[in-house]
Amino acid sequence: MKSVDDSLDMKKTLENIHPDIIHIHGSIKWNITNDFRIVISPHGENINRDAYVVIARSEMERKKLSETYERLEVVRNPFLTKTTANDACCNQLEAIYRKVIDSDVFPLMDSNTIQMMHAMLKAGITGDARWVQLEEFHPVDWHKLHIYAHYQGISDIIRSGATVLDLQEPTSQVINSYLPPHYNEPIPLERHDATSIITKIIEGDVALLRFVELDIALRRGDIDEESFLHDLKELHFDTYLPSILQILKETTWLDEGFMPCLPQNNKYTNKLRTLMANYLRI
């Protein structure tokens, strides 16, 4: 943790370090263009920038700020009130910082953890490590993976995949994150046929759980591909299928032998990637 006194000092500091969080006190006039997670304590001043979370000094200030900001916390200043102490204030701030870092964790996950997640998904779906082709297993940031899996509805599959691959998965810690207002907890679909799942994806339900369910449905041996493709064409969904299969190829590592047509990288594929990236984005 490093403190700076003004915008010039901050600018110089950020040339040498890349902090996880920048906590601004008051109204600093400096254009922070990098993708930092910003926490702001206005201290009664007017602020005109976006923030991951805004910290009010009192319930009265929180109520006033709620007209502009969605994510608000109250941390009373021990220098202004006797209702709190320094230790309590510091503990509250640390908890807020942790909550910020534990939100929308996918952009913060390293490439090794992401690759191992895909491997665990495939192992969890197939139940057989021989389906997973990796030259070597990599270290996993289990904390971030547990958070991501929890909010994507794939914790059980990740847990199964870790067991299949004989990975030592630690016990998941308590998860506490900020979530976007549009977020809905993904729950398994009652209907597990591929057409129903594809319909949900096209309607905008892009939780990773849906793609796991579709992978499982396509791996079943009871699909009549000709009839399946005909049904999709009748629904005018056939043009979306190649893009969805491309996402499956990238996320659950579905093999082309289980695909009713070839995957494609196109505008709709990019749209799906964007929707998935924004699923937990604040």
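The values are calculated or read from the model by the stated rules, or taken from the named source; none is laboratory data. Since we're looking at a predicted model, the values are computed, not measured. Positions of Cβ are backbone-derived with ideal geometry, glycine not excepted, and every protein chain shown enters the neighbour counts. Heads up: the accessible areas ignore ligands, DNA and RNA and are worked out on the full protein's heavy atoms, side chains in. Shrake-Rupley method; radii C 1.70, N 1.55, O 1.52, S 1.80 Å.
Structure notes:
- Toward the positive end of the charge dipole of segment 69-210, with +1 on the Cβ of Lys and Arg and -1 on the Cβ of Asp and Glu, the farthest Cα among 108, 149, 91 is that of 91.
- A cut-off under 14 angstrom between Cβ atoms defines the neighbours of residue 269, and their net charge, with Lys, Arg +1 and Asp, Glu -1, is +3.
- Charge context of residue 114, other residues only, Cβ under 13 angstrom, K/R +1, D/E -1: -2
- Extent along principal axes [Cα atoms of the chain; Å; largest to smallest]: 71, 41, 36
- Magnitude of the charge dipole, segment 114-259, Cβ model with Lys/Arg +1 and Asp/Glu -1, debye to 20: 440
- Ranked from largest to smallest solvent-accessible area, with a 1.4 Å probe on the protein heavy atoms, 122, 233, 11 come out as 233, 11, 122.
- Packing, as the average of other Cβ atoms within 10 Å across residues, places the peptides 50-61, 171-182 in the order 50-61, 171-182, highest first.
- P(r) tail fraction, segment 186-270 - alpha-carbon pairs more than 15 Å apart, %: 53
- Our estimate of slack between residue 136 and residue 49, defined as 0.36 nm per intervening residue step minus the Cα-Cα distance, is 26.9 nm.
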